[in-house]
Amino acid sequence: MAAVAPVEEGTGPPPAPSTQTVPTPPRERTPGKYFAWVNKNVLGLLAIWSKRPQALDESTPRVVEKKQEFADYFNYVEACKQAFPNALPRELCSVDTAHQRLTSGLKIVCDPEKSVQQRYFSDEDKRRAQDLYDWAQRADALALTPPASDNETTAVVNTRRSLTGAYNADSDGKYPIRKPAPAHPVWGRRGIMHGVALTGMKGKTQCLNPDYLDEKREAAVIGHNGLTVGDWFASQIRALFVGAHGSSEAGIHGRKDQGAYSVIVSGTYDEIDVDNGDVLYYSGSRSLEHKNPTQCPPRSNGTTALHVSQMNGRPVRVLRKASSDKKKFSVWAPLCGMRYDGLYRVTWSGTKKNTHNGLFEQFKLVRLPNQTPLEDLREIPSIAQRNDYTRVSEYF
């Protein structure tokens, strides 16, 4: 049996965001418009032809032409990834809704649920598309830009769909950032939302406050990362600010070369996850909706990172998040917000079937000893924290 690596308190921050310019797309004026053209005239056509009862042969001149344009598209996106591995500039994030158009196009190629549209895409095409999709999702969490000037503060906001189906970006990709007063009891320097501001079409989308970016702690660190077991956060953006979790949306934060840094346990995957407190059975990305009974979903960066953590023995931070669905409430979850419940080690991985009979990967995480007992954490958040939490939605 291989020796278990000791708990590491830090592995150093990732490389700083690139200062390179955005690669020029093969056609159109901006990446966003290019991605829109590809989605309609390349990926869209290949998807339509794939669904025909009498599909066009791959040697047909029209298919050959579209496959070449598809190859050019892949090469361009990979050039963007090489130039900006960690953080997306606004040209790739929200100008002409570039991020939404990029990810929706890549999903045509790699999403197992769209297999009927993928006749002309090889397994290697799907693998490359999945890798690029994971990069776009991961890097987008860092796509906040600092103020353009002393009197003009704007943000490039996340362009993924909100629960209402609306995109949080307009045609020029900029919304003003509403910054709270430093003395605000909830959103100010001493409040539970310190480091967070508001932006978006309605001014209610949480983002990092550019005034305090120098205080933001890097989350790509193995171990406690300066946190205390039982630390509580009113939102995932707040957890991002303090370095508890490195993504504003994803449930797994990690890298293929180092493993997972943190995972969030919520009620979203309640049908397939099992939370026994000190032992968790945590499912990989896209496990809930998968329908293929013989093949697991393509591994995301997060799922791959959990496999790496199993191999190298490095611990993973576990945060539990309150479920908005009271029917999916875990006895170990906080009543609101999310709580840091300590370090766990990935000790097993295997496959299971979901309610659609779809095959998916699952991981067993075991809590490390000599940490504050989970029973002692069930009183967190405190009454005062819960009262402040109710005031978060009052904004400022």
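The values are calculated or read from the model by the stated rules, or taken from the named source; none is laboratory data. Model, not experiment: these values are computed from the prediction. Don't worry about glycine lacking a Cβ; one is built from the backbone with ideal geometry, like all the others, and counts go over all protein chains shown.
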Within the range 206-233, track down each residue that is surrounded by 17 or more Cβ atoms within 10 Å (Cβ to Cβ), closer than 19 Å to Arg189 by Cα and under 18 Å from the mean Cα position of the chain (by Cα).
Gln206, Cys207, Leu208, Phe233
Val229 meets each of (1) touching a residue at least 60 places away in the same chain (Cβ under 8 Å); (2) under 27 Å from Ser122 (Cβ atoms); (3) β-branched (Val, Ile, Thr) with one exception, condition (2)
Restricting to the range 63-73, what's the tally of residues that are surrounded by fewer than 18 Cβ atoms within 10 Å (Cβ to Cβ) and either β-branched (Val, Ile, Thr) or modelled with pLDDT under 90 (or both)?
1
Collect the residues in the range 41-62 that are buried (at least 17 other Cβ atoms within 10 Å of the Cβ) and touching a residue at least 12 places away in the same chain (Cβ under 8 Å), keeping them in residue-number order.
Val42, Leu43, Leu45, Leu46, Ala47, Trp49, Ser50
Identify, please: which residue in the range 237-271 is in contact with a strand residue (DSSP E or B) (Cβ under 7 Å, 6 or more places away or on another chain), of a type in the set (S, T, N, Q) and not in a strand (DSSP E or B) and is, among those, nearest to Ser323 (Cα to Cα)?
Ser266
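In the list Lys364, Lys321, which residue meets the criterion of being farther than 30 Å from Arg178 by Cα and of a type outside the set (Ser, Thr, Tyr)?
Within the list Lys364, Lys321, the selection yields Lys364.
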Of the residues in the range 261-298, how many are under 14 Å from the mean Cα position of the chain (by Cα) and at pLDDT below 85?
2
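Could you pull out every one of the strands (runs of 3 or more DSSP E) wholly within the range 281-396 that has 1 or more residues that are under 30 Å from Gln206 (Cα atoms)?
Output list reads 316-321, 338-353.
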